[in-house]
Structures are given as structure tokens and as C-alpha cells.
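The values are calculated or read from the model by the stated rules, or taken from the named source; none is laboratory data. What you see is a predicted model, and the numbers here were worked out from it, not measured in a lab. Neighbour counts are summed over all protein chains in view; Cβ atoms, including those assigned to glycine, are modelled from backbone coordinates with ideal geometry. Calculation scope for accessible area: heavy atoms of the full protein, side chains included, ligands and nucleic acids excluded. Shrake-Rupley method; radii C 1.70, N 1.55, O 1.52, S 1.80 Å.
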Amino acid sequence: MAILVTGGAGYIGSVAVEHLRSRGEQVVVLDNLSRGHRVAVDPAVPFYQGAVGDRGLVARIVREQEIESCIHFAAYAYVAESVHDPRIYFENNLEQGIALFGALEQAGVKRVVFSSSCVTYGEPENLPIREDSRQWPANPYGWSKLLLERVLASYAMSYGLSFVALRYFNAAGATAKHGEYHEPETHLIANVLRVAAGTQNHVCVFGSDYPTPDGTAVRDYVHVSDLAQAHGAALDYPRQGGTSEFVNLGSGRGHSVIEVIECARQITGQSIPIRMEPPRPGDPSQLVAEASKARNLLGWVARHSDLATILRSAWEWQQRNPTGYARERSEHSGNR
Ligand SMILES: NC(=O)c1ccc[n+]([C@@H]2O[C@H](COP(=O)([O-])OP(=O)(O)OC[C@H]3O[C@@H](n4cnc5c(N)ncnc54)[C@H](O)[C@@H]3O)[C@@H](O)[C@H]2O)c1
């Protein structure tokens, strides 16, 4: 029996695939490569190029590959883009997500791990953010995730589906094989390191008047390897009879934009010029996780998520892959 990983050619998905295979799991990837990279998936992994909303394709994959569970990473994930063009977020993330869950349910796949997000909380009322904190997203991307959480909760109640919705805080860092490469790149750490490497001139700092100690936005950074490990634990949880759950994945520590840049300057030895910009619409001021539920329920601890370790791993990957995955875009075939 195999695990279907949607979005396995993307940043977090590719690291999760690497981790699951190291645990001896059979993994199958479905990705339309709209924002991912074929080369980020090992050629030995069965790869289907297509959309998660293609019900016929999902039914065929479940049949051909004997799928027992699904980890659903595939989504668009840019806050600002979702504010400018909400339609593509509701169509790609919500509409296609509903089609995927429907096709899985009808094909008898009863276990799902879902990539949700801290953006479902919106501007938090209290910090750190607990799983039962108010959820009121500040942007359409967050709504697309929150609504899919509700779909899963309804299907769990009515169809006997069991799910773990993992609300990641800010993914960052790299493994020896896989790192973050988006075009355009909107994530702070990846952008800071592009500046350190000389491929960008400056880092834009969006907002300097937030109610935070230095006025810049505060985020909780979690190493992508730690995230990958949590997916293994989340797969084991329902296999061992656990119920459906919503779980934060964060380090429990917040770092401001300026702190991240300072730490990157120390690690890279580069000056990393900055340019102050107005705050972006839809960006909450602070997002920091209360992460004890993941520990108690899944036995998960963020072991590699201190800021220096995250930055060092991402910097090493950046130096080994100065053009990210761009060079290899046309390599690899064998798509199904
Ligand atoms: N990166 C973060 O900090 C972060 C934080 C919270 C939640 N998340 C969530 O984690 C998941 C993975 O994030 P990521 O940073 O790896 O993103 P990513 O863009 O690197 O990867 C997403 C992958 O999904 C694929 N995809 C998108 N829409 C698809 C569709 N309709 N059909 C098939 N494939 C499709 C893309 O081609 C890409 O390979 C997303 O669901 C995102 O919302 C990410």
C-alpha cells in the first residue's frame, strides 16, 4: 500500500517524500508542476503530472498504486497573490481540494494529512497561538485553507474519514538534497539568502510600525526537515487508531524580520542591504505557535528549528545550488 503525496515536487513536499522514503514508505507523487520542479522528485518515485482536481486521474492513481492514505500539500501559497487574485486561490486550493477529497473518499481512501497554515488564524488575539484560538484569516489564501479544514471535518463526521490537519508556521531551511526555490520568491529567508549570494540587490522589509519590539513582523520559523518528520508521525497517528485533529507545527519562538536579517548577516558574512516598504495587505503582525499539542499527540519536537540552524542549512543549499532548480527544469522524464 502506498501514500499519495500531492504537491510532492514543491518545497515542503519534496522534503517530505525524501523523509517518508527513508522510513521505508511507498510514495507516489501527483503534481501539475505549476510551481514545483520535476527534478525535486527522485526518478524512482512514481510521478503523475496532473491536477489534484482531476477526479478521474486521482481514481486511476488510487487503483494503479494501491493508495491507502494521502498527504495533500498541493496548493498556491502566496499571501499577496491571493489578495490580488483571490479567484485562483479558491479555484486551485479550495475547488480542487474538494474534488480531491471527494475522489479519495469515493475510492475508499480514508486517511488524509492536510497542509493547513497558521494564516488561518489571521491577526491573533493572544500569543502564542493555540489550536483552539479564533480563526479569522486576513487574506483569501488563509480562507482557502480554513474552508478545506471545514470540509475535512465534515467528511470525518459523515464518511468516517480520519485526518490530521497540520497548521505549519513559516517553513524554512533545507536538507542536503532539497531546498526552497520559487519564482518569484516571497519568503523572507530564501530572499535574504539570495541577497547574500548576490543574485538580488536588497531585501524588502514590509512594514516597520507593527506592535512588535523592533516594529517589523514576527514569525515562527520551523525547519522543513522537522515538518517532514511531523508528516510521518501524522500518518502513524490514525494508523494507530487516533482521531481527527488540528495541530500546530511551529518552534514556539518568534523572530522579527530584522532579527532574521541580522542572523543571516552573521552566518553568511555578507552585508545584506535592506529596503523599507509599506506593510503588505493581509500580513498579520505576529504569528507564533503554541506547539505542545504536536508533542503530546504526535510525539513531535522541532529539533532543527533554531534560527541559526535553519539559516545555515538554507545557506549551504543555496551555495550548492546557486540557480536553485532552474538549471534542471527540462531534465527527467518518466511521468505517468
Ligand atoms: N511554505 C510555508 O511556509 C507554508 C506555511 C504554511 C502552509 N504551507 C502549505 O504547505 C503546502 C506546501 O507549501 P510549499 O511551500 O512546499 O509550496 P510549493 O509551491 O513549493 O509547492 C506546492 C506544489 O503543489 C503543486 N500544485 C499546486 N497546485 C496544484 C494542483 N492544483 N494540482 C497539482 N499540483 C499542484 C505545485 O506545482 C508545487 O509543486 C501548501 O499547501 C502551502 O499552502 C506552506
Task: Where Gln229 falls short, out of the listed (1) at pLDDT 95 or above; (2) within 14 Å of the ligand (Cβ to nearest atom); (3) under 18 Å from Gly250 (Cα atoms) - done: (2)
TODO: Go through (1) over 30 Å from Ala138 (Cα atoms); (2) open to solvent by 20 Å² or more (accessible area, probe 1.4 Å) and name the single condition Ile98 misses.
DONE: (1)
Task: Qualifying positions in segment 128-142 - touching a residue at least 12 places away in the same chain (Cβ under 8 Å) and either charged (D, E, K, R) or on the phi > 0 side of the Ramachandran plot (or both) - done: Arg130, Glu131, Arg134
Task: Pairs where the first residue, in segment 112-124, is near the ligand (Cβ under 8 Å from one of its atoms) and the second is of a type in the set (D, E, K, R), C-beta under 6 Å, 6+ apart - done: Ser116/Lys145; Ser116/Glu149; Ser116/Arg167; Ser117/Lys145; Ser117/Arg167; Cys118/Arg167
Open item on the list: I'm trying to understand the selection: among the residues of segment 68-80, which are open to solvent by 10 Å² or more (accessible area, probe 1.4 Å) and either assigned to a strand (DSSP E or B) or within 11 Å of the ligand (Cβ to nearest atom) (or both)?
Closed with: Glu68, Phe73, Ala74, Ala75, Tyr76, Ala77, Tyr78, Val79
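Check Pro238, Pro213 and return the single one that is in a loop (DSSP other than H, G, I, E, B), more than 19 Å from the chain's Cα centre (by Cα) and either within 17 Å of His72 (Cβ to Cβ) or in contact (Cβ under 8 Å) with a residue 24 or more places away in the chain (or both). So that I can check it myself, show each step before the final result.
Numbers: Pro238 fails: in a loop (DSSP other than H, G, I, E, B).
One residue alone meets the criteria, Pro213.
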Task: segment 18-44, residues that are assigned to a helix (DSSP H, G or I) and within 11 Å of the ligand (Cβ to nearest atom) - done: Arg38, Ala40
